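Inspection log for the structure reproduced underneath, given as structure tokens.
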Amino acid sequence: MAFVELENVTKAYDGGWSAPVKALDRVSLTAEAGQWIAIMGPSGSGKTTLLNILGCLDQATEGVVRIDSVDTSTLTRAELARFRAETVGFVFQQFHLIPHLTALENVMLAQYFHSMTDEGEARRALDRVGLTDRARHLPSQLSGGEQQRVAIARALVNDPKIILADEPTGNLDATNEHIVLDLLADLHQQGSTILMVTHDEQVGRCADIRLDLEHGRIVETTHFSMEVNQDFDEVLEQLWADRERTFHVEPEHFTAAQQRKVVAMMARIGLVELRAGEVAFTPRGEARARSVIRRHRLAERLFMDVLAIRDEGSIEKNACTFEHILSPEVTDRICTFLGHPRTCPHGSPIPEGDCCLEARGAQLTTQLTNLQTSLLS
């Protein structure tokens, strides 16, 4: 059974003297645990109504809604409230932070409505979104991006089974939008189930599945399976290698016809673009390629330096597996463990990560301290 199931869900409102208005009209969909789904469509298409029903803020007029095997369409209002508190984490466009409470207290408020407050857990939730040093600040003392990150911490603190995000980047500038999408991507890699309403094409392209709504109906569903995403990564790796003219050329993974098909899909979702017949990275595609190349080449270095594997075929096969499953956190730990290597076993450069920059900064600080000490002695 899928984690989320909707069967012929309709939501109708009284139209007064006219016929009832259907915000949703016989919508059916399924979502597996760990998927990221973008719900898109024009204003009035039913996006927010669908999210409200999934979040147990509202109930369908007709149809069945199952979340984690629970038929929410049969629950009472009190049962819905309890199920919502235990199962769902919300991230809204307007943040909805309490103005007179600090960031930490806003996060703890979610705990209060769930069970009991735990300051340590609330601080850890803020740490996950990079706001440890802003815990005692009021919302008015935080930027828009920081407020949204507090809202994400609030959504995470009770360890929800599903995260519902309603235009999570709608009020943010480009820099903070990137930060919030990176956070959601990290949560997705860690196994969180995310359903996100957005009108932004670029934001919608981050998801595994895109649902397009019009007049309360799903008119198009676009799936990007794990296998398809791996195909994307293979193309991005080849583009990266072609650009840097690496000494080590990986074997081709597709026929020419297969590659054209994959590239066309990648262009549609904004990972690459076609310029005068040539395939080029978009900024998002380049960032993803950098991440894949980094994981792959660090895995190669790990197998050769630590596990003493010398067979190139074995190294390549295992690295190809690891490049698709390593989280950013684990990748940085491997890099740190290996001493932040500059090249893979074939001599190709390994793109730097945040851990490399931090290590270099720490090394520079130590050198300056030693220099000051020697000058004063």
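Worth a mention:
- Of all residues in the range 37-72, those satisfying the criterion of being closer than 11 Å to residue 211 by Cα and under 19 Å from the mean Cα position of the chain (by Cα) are 37, 38, 39, 40.
- Residue within the range 308-326 that is at pLDDT below 80, crowded, with 19+ Cβ neighbours inside 10 Å and farther than 24 Å from residue 245 by Cα present: yes
- All positions within the range 117-146 that are at pLDDT below 90, of a type in the set (A, V, I, L, M, F, W, C) and out of contact with any Leu (no Cβ under 7 Å at 6 or more places or on another chain): 131
- Matching entry among 29, 101, 24 (being under 22 Å from the mean Cα position of the chain (by Cα) and in contact (Cβ under 8 Å) with a residue 12 or more places away in the chain): 29
- Only one entry in 171, 176 is under 29 Å from residue 47 (Cβ atoms) and either more than 16 Å from the chain's Cα centre (by Cα) or aromatic (Phe, Trp, Tyr) (or both), namely 171.
- Cβ pairs under 6 Å, 6+ apart, first in the range 343-356 and closer than 19 Å to residue 287 by Cβ, second surrounded by 14 or more Cβ atoms within 10 Å (Cβ to Cβ) and aliphatic (A, V, I, L, M): 351/293
- Evaluating residue 259 against the criteria (1) at pLDDT 80 or above; (2) not in a loop (DSSP other than H, G, I, E, B) leaves one unmet condition, (1).
- The residue that is modelled with the highest pLDDT, among those in the range 176-201 that are more than 24 Å from residue 326 (Cα to Cα) and touching a helix residue (DSSP H, G or I) at 6+ places or on another chain (Cβ under 7 Å), is 197.
- If the condition is being of a type outside the set (A, V, I, L, M) and either modelled with pLDDT under 85 or in contact with a Ser or Thr (Cβ under 7 Å, 6 or more places away or on another chain) (or both), then the range 217-231 contributes 220, 221, 222, 223, 224, 225, 227, 229, 230, 231.
- Check on residue 11, over 24 Å from residue 161 (Cβ atoms), touching a residue at least 40 places away in the same chain (Cβ under 8 Å) and among the basic types (Lys, Arg): no
- The set of residues in the range 1-21 that are under 29 Å from the mean Cα position of the chain (by Cα) and surrounded by fewer than 16 Cβ atoms within 10 Å (Cβ to Cβ) comprises 1, 2, 8.
Let's see how each residue does on (1) charged (D, E, K, R); (2) farther than 23 Å from residue 3 by Cα:
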position	(1), (2)
61	no, no
74	no, no
88	no, no
116	no, yes
120	no, yes
138	no, yes
159	yes, no
167	yes, no
170	no, yes
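- Residues that are modelled with pLDDT under 85, of a type in the set (Val, Ile, Thr) and not in a helix (DSSP H, G or I) occur at least once in the range 266-282.
- Residue that is farthest from residue 103 (Cα to Cα) [pool: residues in the range 155-189 that are in contact (Cβ under 8 Å) with a residue 60 or more places away in the chain and of a type in the set (D, E, K, R)]: 161
The values are calculated or read from the model by the stated rules, or taken from the named source; none is laboratory data. Everything numeric here is computed off the predicted structure, so don't read it as measured data. Neighbour counts run over all protein chains shown; Cβ positions are idealised from the backbone, glycine included.
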